[in-house]
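One structure is given here, and the rest of the page talks about it.
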Amino acid sequence: MEKKTMLSGMRPTGALHLGNYFGALENWIKLQNEYNCYFFIADWHALTTGYEDTSNIKKNIDDMVIDWLSAGLDPEKCTFFLQSSIKEHAELHLLFSMSTPLTWLYRCPTYKDQLSQLKEKNIATYGFLGYPNLQAADILIYKADAVPVGEDQVPHVELTREIARRFNFLFGEVFPEPAAVLTKAKVLPGTDGRKMSKSYNNTIALSDDPETVRKKVMTMLTDPARIKKDDLGHPEVCTVFAFHKVFNEEGVQETESLCKSGGIGCVQCKKNLAAKMSCTLTPIYERRQDLLQKPGYIREVVENGNVRARITAQKTMVEVRKAMKIDW
Ligand code: TRP
């Protein structure tokens, strides 16, 4: 049986943190073994809200490629590429823009949300409104069957289905309707217990060296009611315990009962966590150090991915132009 096609993208927003890793990347790394996968860096999407200051985009792209490779995305198993290198996305976006009713775009929840949230940026623009059209082009040009995304992106995949349906109705069956696949994300709070986010300054980056990770763990907040080691603990309110759930699956029950019975102090519990995290993160860190020595290899990986993606994208565009009878 032929493998199904999966596709997903990430905006290049800078060094990935562990929240991003467990929210998406870890899942992609599993999927690459089971599906025909396309993963791409959505650099044009970064412009929709960040067109005024483009100074970091190049660096963010480089950082993202290294994050992906060091975490274990394997260019032999999946196709990973840079959106702006495949100009066909822009052509399909243009063609979709002709037939997508404005009302579909105005009612997109992310449009309304972001417009009110990002007040300091002027994003009442044509490009920002049309963003889901670009996303639909990204997905449909590879005829993806499934799109692994977080909850916030589901409306965009829904809109993509509508855009595919409308195109097929007007011009004949070209596109399959992709399904959103919700990632069952492991939830990892930031080091202060709030949501992990760069703007809260509470992240652990995938690129942090092992010593930095250890130090961040040692400063994490624990159960505020535990002052002395043999006070009884409440793991459900403890940030360190939330991390144990993700990094120490086999030891999590023991940690829980030791904490509740006052059998382990917070310092020791943190040390145990740091050791477990190191088992997962040190190999990623070491791969990164190795990759940093080989900038030529990194370029080559992305170039090769671009070539593979472009072949599929060009093939689809031949069909699209033919269906629309604009294949002069
Ligand atoms: N819009 C997505 C985000 O902001 C990124 C993205 C762009 C994407 N094109 C995509 C995701 C296609 C999945 C499929 O996170």
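The values are calculated or read from the model by the stated rules, or taken from the named source; none is laboratory data. Computed from a prediction, not measured in an experiment: that's the story for all the values here. Note that we place each Cβ from the backbone using ideal geometry, even for glycine, and neighbour counts take in every protein chain shown. Ligands, DNA and RNA are excluded from the accessible area calculation, which covers all protein heavy atoms including side chains. Shrake-Rupley method; radii C 1.70, N 1.55, O 1.52, S 1.80 Å.
For the stretch 225-240, check the following and say yes or no: at least one residue is of a type outside the set (A, V, I, L, M, F, W, C), in contact (Cβ under 8 Å) with a residue 40 or more places away in the chain and touching a Gly at 6+ places or on another chain (Cβ under 7 Å).
Taking every residue of the stretch 225-240 in turn, at least one turns out to be of a type outside the set (A, V, I, L, M, F, W, C), in contact (Cβ under 8 Å) with a residue 40 or more places away in the chain and touching a Gly at 6+ places or on another chain (Cβ under 7 Å).
One line per residue, one yes/no per condition, for (1) within 16 Å of the ligand (Cβ to nearest atom); (2) under 25 Å from residue 164 (Cβ atoms):
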{"position": "70", "(1), (2)": "no, no"}
{"position": "74", "(1), (2)": "no, no"}
{"position": "77", "(1), (2)": "no, no"}
{"position": "83", "(1), (2)": "yes, yes"}
{"position": "87", "(1), (2)": "yes, yes"}
{"position": "97", "(1), (2)": "yes, yes"}
{"position": "118", "(1), (2)": "yes, no"}
{"position": "131", "(1), (2)": "yes, yes"}
{"position": "135", "(1), (2)": "yes, yes"}
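How many of the residues making up the stretch 48-81 are modelled with pLDDT under 95 and farther than 23 Å from residue 292 by Cβ?
So the answer is 7.
Among the residues of the stretch 281-320, which ones are buried (at least 17 other Cβ atoms within 10 Å of the Cβ) and among the polar types (S, T, N, Q)?
Hits for the stretch 281-320 are 306, 312, 316.
When the residues of the stretch 93-120 are filtered to those that are of a type in the set (A, V, I, L, M) and farther than 23 Å from residue 152 by Cβ, which remaining residue is least open to solvent (accessible area, probe 1.4 Å)?
So, considering only residues that are of a type in the set (A, V, I, L, M) and farther than 23 Å from residue 152 by Cβ, the one least open to solvent (accessible area, probe 1.4 Å) is 95.
Take residue 255 and tell me if it is within 25 Å of residue 285 (Cβ to Cβ), assigned by TED's automatic domain parsing to the domain that holds residue 285 and open to solvent by less than 20 Å² (accessible area, probe 1.4 Å).
yes
With respect to the numbered conditions (1) assigned to a helix (DSSP H, G or I); (2) away from the ligand (no atom under 16 Å from the Cβ); (3) open to solvent by less than 30 Å² (accessible area, probe 1.4 Å), which one is the sole condition not fulfilled by residue 191?
Failed condition: (1).
Please enumerate the residues belonging to the stretch 11-53 that are surrounded by fewer than 21 Cβ atoms within 10 Å (Cβ to Cβ), of a type in the set (A, V, I, L, M, F, W, C) and away from the ligand (no atom under 14 Å from the Cβ).
15, 22, 29
Mind checking which residues of the stretch 141-168 are assigned to a helix (DSSP H, G or I), more than 15 Å from the chain's Cα centre (by Cα) and more than 10 Å from the ligand (Cβ to nearest atom)?
Selection gives 155, 158, 159, 161, 162, 163, 164, 165, 166, 167, 168.
Would you check if residue 263 is farther than 29 Å from residue 14 by Cβ, open to solvent by 20 Å² or more (accessible area, probe 1.4 Å) and of a type outside the set (Lys, Arg)?
Spelling it out, residue 263 is indeed farther than 29 Å from residue 14 by Cβ, open to solvent by 20 Å² or more (accessible area, probe 1.4 Å) and of a type outside the set (Lys, Arg).
If a residue has to be among the small types (Gly, Ala, Ser), under 22 Å from residue 113 (Cα atoms) and not in a loop (DSSP other than H, G, I, E, B) to count, how many in the stretch 128-140 make the cut?
Count: 1.
Could you please find all residues in the stretch 159-179 being of a type in the set (Phe, Trp, Tyr) and open to solvent by less than 10 Å² (accessible area, probe 1.4 Å)?
The answer is 167, 175.
Among the numbered conditions (1) within 14 Å of the ligand (Cβ to nearest atom); (2) over 19 Å from the mean Cα position of the chain (by Cα), tell me where residue 185 comes up short.
In the conditions (1) within 14 Å of the ligand (Cβ to nearest atom); (2) over 19 Å from the mean Cα position of the chain (by Cα), residue 185 misses (2) alone.
Among the residues of the stretch 220-239, is any under 18 Å from residue 17 (Cα atoms) and of a type in the set (Val, Ile, Thr)?
Checking the stretch 220-239: at least one residue is under 18 Å from residue 17 (Cα atoms) and of a type in the set (Val, Ile, Thr).
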